Structures are given as structure tokens and as C-alpha cells.
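Working notes, structure below.
The values are calculated or read from the model by the stated rules, or taken from the named source; none is laboratory data. The structure displayed is predicted, hence computed values, not measured ones. Backbone-built Cβ (ideal geometry, glycine too); neighbour counts: all protein chains shown. Heads up: the accessible areas ignore ligands, DNA and RNA and are worked out on the full protein's heavy atoms, side chains in. Shrake-Rupley method; radii C 1.70, N 1.55, O 1.52, S 1.80 Å.
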Amino acid sequence: MKSLIAIHDTTLGPACGGVRIWPYKNEMEAAIDVLRLSRAMTYKSAAAGIPLGGGKAVIIADSRNDKNESLLRAFGKHVDTLEGRYITTEDVGMTPADLEFIAEETSHVVGLPTTSGGSGDTSEMTGLGVYLGMKAAAKSKWGDDNLNGKTIVFQGFGNVAYNTSLHLMKEEAQLIASDINPTALQKAQSLGIKTIAPNDIFETDMDIFSPCALGGILNDETIPKLKCSIIAGGANNQLLESKHGYEIHKRGILYAPDYIINAGGIINASCEVGMAYNAKRSKSITQKIYYSTLEVISMSNEQSIPTSIAADQLAEKRINSVRAIKNI
């Protein structure tokens with residue numbers, strides 16, 4: 001097993017973040033990804049107002065071919081050596097059932113199946129948060145959060161995009177999906193959603209672009225091609241570099257910062273840390289994403305700064321205030 005765990009910050013509580021199983025080309029690529037993701041988790045939890053720090057883990061493997069009980073239990077032993085400084089949960093390439101194998105070796109795991117007393121699949125709450133973030137962005141951009149008739153293109157149609165789409169279909173939004181996985185495309189088609197090839201995304205006119213695959217999709221090459229008014233998706237680290245937040249802002253595109261609107265998953269998991277899981281509590285906290293998105297956009301407008309920078313300010317304010325108390 002080749003695995004890396006990154007702990008970014010524990011000011012607000014133990015570092016918590018999912019374990020991602022992905023066939024990285026090399027260890028350096030995996031290290032860069034896990035470091036970026038761990039920082040995003042710090043800011044995500046801080047902005048969401050939950051008592052967790054930021055951490056992340058990756059296992060260098062192909063989840064379709066390499067994932068098995070021994071691999072997952074070995075990772076659980078790895079987590080347990082940190083004695084609670086890092087709490088793991090589900091991410092790309094993982095399922096709640098997989099977490100049960102990890103839980104055989106460590107108690108520092110959340111997101112277990114509901115049949116085991118856990119919070120279950122995090123993608124349901126993540127999808128709800130992304131949907132609410134879209135609505136808040138629409139409210140700010142168009143003066144109305146009704147998404148009826150709006151064209152929304154998903155890049156990646158995994159569990160988060162699927163759960164987001166269920167809410168959007170009730171509003172009769174016009175949905176389009178793209179994915180490199182044929183099974184994901186079939187899932188979209190079964191819902192009556194139009195599908196397109198990945199290369200056609202940036203040739204498609206849309207109201208909202210929803211990145212729901214891996215990070216770094218907003219970069220020097222893709223941003224000039226965007227034909228949308230709003231970017232709001234579930235993928236982590238959508239901006240390849242911080243400068244790309246400024247580029248999007250200059251183009252008049254409203255970016256709903258990823259870690260603000262995709263926080264439903266970590267919120268859901270946080271409702272399992274040190275307490276019996278309560279679904280109503282999780283949903284209540286997740287619904288606040290609508291208002292935190294509006295707050296970030298308002299800060300952006302007032303200061304004439306990108307929403308990505310405003311989101312960082314919101315998160316850093318909470319981290320610094322708690323750090324000051326702890327230093328007394």
C-alpha cells in the first residue's frame with residue numbers, strides 16, 4: 001500500500017477529510033493533491049462553522065482493480081498511528097461500506113453506513129449544498145434564485161452531481177452531463193439528462209457550469225473558453241492557482257467558491273463525531289450554505305475582490321479568532 005495523509009490545521013478541532021483512492025502517475029502528484037486538498041478542508045470546515053480542522057488522505061491505487069479488504073485495513077492501521085489527530089471518511093473511489101473495513105483497525109473514522117450507526121453516503125448532503133449554492137449565486141446574479149429553464153452543464157456525473165441533479169430536476173432546469181465514465185453517462189441518461197462528450201463542454205452555451213470531477217479545471221486554458229454566467233460545482237480545488245479567481249472575476253463570471261458550497265459532506269460527517277448521528281441536524285446545518293454563499297458574494301461585491309478571496313477571508317477570520325482564544 002502507498003498512502004499519504006496530510007494534516008493542514010487543527011486549530012478548530014481534529015483534522016478531518018476523506019481518503020481518496022486514485023491511480024496517481026507518481027508519488028509527487030499524489031503529494032501535491034493531498035496537500036492542496038487538506039488545506040481546502042481546513043477552510044471548508046472553518047467557513048461551515050463546524051469544530052473540525054483540515055486533513056486529507058490518498059491511496060495510490062485504482063479503486064476498480066486494487067481495492068480490497070487488506071488494502072483498506074492497512075490504511076486503517078495507518079490512520080490509527082495518528083491517535084485521533086486525523087479522522088478519515090469517504091472520498092473519490094470509496095463507499096461507506098469500504099469504511100467498515102477501515103473501522104476494523106481504527107475508531108477514527110466517520111461516514112460509516114447508517115446500518116452501522118453512521119451518517120452514510122456523504123454525497124446526498126454535498127449535492128444539497130451544491131444545489132443551494134447554485135440558487136444563492138443565481139439570486140445574486142439574476143435577482144431571483146429560481147433555476148427553472150436555466151441550462152446547467154455538469155463536468156463529471158458522479159454521486160454528487162447525481163444528487164444535485166435530483167433537486168434541479170424538480171425546478172425543471174435544463175441539465176447536460178459529461179463524464180469519461182460510460183456508466184456515469186448511462187446514469188445521467190436514465191434520468192433523461194442530455195449527455196455530451198468531455199471535449200464539447202467548452203463549446204456549449206450554458207447559464208451555469210458545474211465542475212464535479214477532479215480539481216484544477218479552472219485554468220489558463222479553460223477560463224477563456226467558458227460560456228457561462230455562474231460557476232458552481234462540487235469538485236474540490238477547482239481553481240488551479242489563486243490567480244484564476246481574479247481572472248474569472250475580471251470576466252464577470254460569478255464563481256461560487258467550491259469549499260463553500262460543497263461542504264455538505266463534511267458537515268454530514270461532523271454530525272457523527274463524538275455524538276450519535278442526527279440527520280435533521282445535518283440537513284439544518286447544510287441548508288445554511290445558501291446564506292454563507294450570499295455572504296461571500298456580498299463581501300466580494302463590497303470589496304471588489306474575487307469570491308475566492310472573500311471565501312478565504314471568511315474562513316481565516318474564524319480560524320484566527322479561535323487561535324487567539326487558544327493562545328490565551
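For the range 31-60, the set of residues classified as more than 17 Å from Thr88 (Cα to Cα) and open to solvent by less than 10 Å² (accessible area, probe 1.4 Å) consists of Ala46 only. Annotation note: Cβ proximity below 8 Å between a residue of the range 8-20 that is under 16 Å from Ile59 (Cα atoms) and a residue that is of a type in the set (D, E, K, R) and open to solvent by 10 Å² or more (accessible area, probe 1.4 Å) (sequence gap 6+ or interchain) occurs for Gly17/Asp91; Gly18/Glu90; Gly18/Asp91; Val19/Glu90; Val19/Asp91; Arg20/Asp33; Arg20/Asp91. Considering the range 221-323, the qualifying helices (runs of 4 or more DSSP H), each wholly inside and each with 2 or more residues that are farther than 30 Å from Leu99 by Cβ and open to solvent by 10 Å² or more (accessible area, probe 1.4 Å), run over 243-250, 289-303. Listed by first and then second residue, the pairs with beta-carbon distance under 7 Å, at least 6 apart or on different chains, first residue in the range 255-269 and in contact (Cβ under 8 Å) with a residue 24 or more places away in the chain and closer than 14 Å to Leu218 by Cβ, second of a type in the set (Val, Ile, Thr) and part of a strand (DSSP E or B), are Tyr255/Ile231; Ala256/Ile230; Ala256/Ile231.
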